[in-house]
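To keep things clear, I will list the structure first and then write my remarks on it.
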Amino acid sequence: PSSESSSQVKPAAANEKQPGSENIIVTSQDGITKIMFNRPTKKNAITTSMYKEIIHALKAASTDNSAITVITGNGDYYSSGNDLTNFTDVRPTSIEETAKNGSILLRDFVDAFIDFPKPLVAVVNGPAVGIVVTLLGLFDVVYASDKVNFNTPLSPLDRSSKQKLNKETIEPAAEMLILGRKLTAGEACARGLVTEVFPESTFQKEVWTRLKAYAKLPTNSLRISKELIRSNEKEKLHAVNAEECTVLQGRWLSEECMNALMNFVSRKSKL
Amino acid sequence: PSSESSSQVKPAAANEKQPGSENIIVTSQDGITKIMFNRPTKKNAITTSMYKEIIHALKAASTDNSAITVITGNGDYYSSGNDLTNFTDVRPTSIEETAKNGSILLRDFVDAFIDFPKPLVAVVNGPAVGIVVTLLGLFDVVYASDKVNFNTPLSPLDRSSKQKLNKETIEPAAEMLILGRKLTAGEACARGLVTEVFPESTFQKEVWTRLKAYAKLPTNSLRISKELIRSNEKEKLHAVNAEECTVLQGRWLSEECMNALMNFVSRKSKL
Amino acid sequence: PSSESSSQVKPAAANEKQPGSENIIVTSQDGITKIMFNRPTKKNAITTSMYKEIIHALKAASTDNSAITVITGNGDYYSSGNDLTNFTDVRPTSIEETAKNGSILLRDFVDAFIDFPKPLVAVVNGPAVGIVVTLLGLFDVVYASDKVNFNTPLSPLDRSSKQKLNKETIEPAAEMLILGRKLTAGEACARGLVTEVFPESTFQKEVWTRLKAYAKLPTNSLRISKELIRSNEKEKLHAVNAEECTVLQGRWLSEECMNALMNFVSRKSKL
């Protein structure tokens, strides 16, 4: 049903940018729709409005005429994950409302990845932190530069969506997920988080050459291939997502989280 | 129940060949029953009658006195997968019947692998394509020569059984399964499709030395070991298999598939 | 509930040893509780009383003030697995009772690992055999020396708990689990059983440096991280454990197992 609701969205023409914030840039060319984090001065941290734009871009891409969809980052970072100001730009009286809205937004955001019907590729051009790491299990292909590292911090403000990883990658990645160990691209590949690692010097060239070849494959066949592979796990992933977002909503209202927030705000106000 | 129904099958004696078509050769020696694709001039493509012979051979092997069972190919190929003439050697009036029979046969074929009670080893001597790749998840051990590659084409005629792979190997192999990327033996090993890769020059010698050692282990212990490991997943695998065969039966009757078939027949008739 | 029942246990002070048998030594220092197999002259084989002590030590560690818990072995071995005298030190009239008690003990033992609420690390200092190998899937991190190998023998007396491995590691490890192949540390790492392999010469130094750094992380954050990752799979693991212990109880009373026991006793009495 999600794709129908975006049927009024005009398919993106070649090189045409979507309207709205430039923190997310969506382009479509040569059969590839590219969704790019574009907040390089903030390490591509994801704000509340960027979550909404990505959901919108994924829904539009699922019905446009592209064969595959790519997510990548502009600048040095892939993305540093959730922007902590999402928690702090809140009137003190509405904390419970904010936690509830945050939980709903996170659920919709992850659902958009679970439901995405075309091959979805992450081109990890720089460090990846937090939710963008734990989301990698919902991509079909993950290419990473060999200079990249992956991290899921232990901060109570940055906890999210860890079970979204397909279960098979939880076990080998447990040292990162539970103990916050930073993984190199090679380590992430050995643990199943990354499909293939390329040398930084030729990363963009090699990756886009391969992606352009994939984009020439028949769109409908790609869609059916993905459906045959993924349809079986969708229902379970949606259930896990719903449950986890409820748990996180409670966590965000915990004393531990409130204290961490106050420390963060206090440090910010002293700058 | 499937093994009981074959209890009247005579256990294969040493080096005795099964009666019937020589496209599948079954031999039993030194505790090893070997089922070999033997259609080297057709890249060991699997015809409808070969599917039936393999089902029969697996049922016989499950009650013969061998300790382990090996599947391999004769000549340059392991197997190029489903023989497309299975679709085209059909009277135009009976397409729906053919799709239904094909679906039942595929289901029985995969069920025979799910239920096989002894250690099952694939000796991948050459390229593997389509269903013989997606079946690898149902083997206990997969040895491959380093010259081999693995491929699951996007052709609508060659789509089958992709979810039969144990789920844990879907994620890392998604680039092959969804985008049709050919994997080297090393890449297939890193993604969990292959247990171990051997140099081509010593492949046959090393592999059969190891298999002969396994074949001396107590048959009953091997059977119980496999049961302890695999019994938990059987029920789920049968359910996935049944569901997928139903989906495929529908796909085979789709316009996309019919057009691909007509193109195939038309190209063939022009040769 | 298991952690509540141990609330009367005094948290272990630095370097304080738990009372009772010295076959298991428990120490707590620098935020790390270390549970060490200490039966080096018997290759750290696990007796019935050691199983009970480990259950007790895990329950105590789950409420002490340590951040992480480590299991390791003293001497050349990590552990050679179940001590076969657990089966033979039995009055002939009470074999069924022994099988029943053994099944209950094994179930409680594995449940203690499934429920353990803090990061659990295996420091595999030497060869690992049988149940200590199949338990590795319930650890969050497994470090191994490169001189170590892993083995799950086919002996009917040594069969246990093979499905306790998280499912994702069954497939790549099937050659070991079903055919009893000994794996090197590197092979075990490639198959997802081991997180990281270190050179023997620097193993202890490198591993404990890293563990001491982890032990400085906030205890509560580690606990919540583990809960977010693992809570989803607990229920299923308990169900698999219960079912398997029932199956094993039956196996231990089988003719095959009785014969193996008599051979073992007979060999022992001739020494």
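Residue count for region A:75-99, restricted to those that are surrounded by fewer than 21 Cβ atoms within 10 Å (Cβ to Cβ) and at pLDDT 90 or above: 2.
Give me the pairs, please: first residue somewhere in region B:143-155 and within 14 Å of chain A (Cβ to nearest Cβ), second residue anywhere and buried (at least 17 other Cβ atoms within 10 Å of the Cβ) and assigned to a strand (DSSP E or B), beta-carbon distance under 9 Å, and either six or more positions apart or on two chains. So the pair list comes out as B:Asn151/B:Ala128; B:Asn151/B:Val129; B:Asn151/B:Leu183; B:Thr152/B:Val129; B:Pro153/B:Val129.
Evaluation of B:Pro119 against the conditions (1) modelled with pLDDT under 95; (2) in contact with a helix residue (DSSP H, G or I) (Cβ under 8 Å, 6 or more places away or on another chain) shows that the sole unmet condition is (1).
With the condition kept exactly as written, say whether any residue in region C:189-197 is in contact (Cβ under 8 Å) with a residue 40 or more places away in the chain, open to solvent by less than 60 Å² (accessible area, probe 1.4 Å) and within 14 Å of chain B (Cβ to nearest Cβ). Yes - at least one qualifying residue is present in region C:189-197. Reported count of residues in region C:231-250, each being without any contact (Cβ under 8 Å) to a residue 12 or more places away in the chain and under 16 Å from C:Leu120 (Cβ atoms), is 1.
Considering only residues in region B:110-125 that are free of Cβ contacts under 8 Å to residues at least 60 places away in the same chain and crowded, with 22+ Cβ neighbours inside 10 Å, the one that is farthest from B:Tyr214 (Cα to Cα) turns out to be B:Ala122. If the condition is being of a type in the set (S, T, N, Q) and surrounded by fewer than 20 Cβ atoms within 10 Å (Cβ to Cβ), then region B:24-66 contributes B:Thr27, B:Gln29, B:Asn38, B:Thr41, B:Thr47, B:Thr48, B:Ser49, B:Thr63, B:Asn65. Look at (1) more than 19 Å from the chain's Cα centre (by Cα); (2) closer than 19 Å to A:Pro117 by Cβ and you find that A:Leu253 fails only one, number (2).
In region C:208-221, is there at least one residue being away from chain A (no Cβ under 14 Å) and assigned to a helix (DSSP H, G or I)? Checking region C:208-221: at least one residue is away from chain A (no Cβ under 14 Å) and assigned to a helix (DSSP H, G or I). Among the candidates B:Ser160, B:Ser201, the residue that is under 29 Å from A:Leu135 (Cα atoms), open to solvent by 10 Å² or more (accessible area, probe 1.4 Å) and either in a loop (DSSP other than H, G, I, E, B) or modelled with pLDDT of 95 or more (or both) is uniquely B:Ser160. State yes or no: is B:Lys234 more than 20 Å from the chain's Cα centre (by Cα) and outside any loop (DSSP other than H, G, I, E, B)? Judged against the criteria, B:Lys234 is not a match.
The values are calculated or read from the model by the stated rules, or taken from the named source; none is laboratory data. A quick note: this is a predicted structure, and the numbers were derived from the prediction, not measured. Positions of Cβ are backbone-derived with ideal geometry, glycine not excepted, and every protein chain shown enters the neighbour counts. Accessible surface areas use protein heavy atoms only, side chains included; no ligands, DNA or RNA. Shrake-Rupley method; radii C 1.70, N 1.55, O 1.52, S 1.80 Å.
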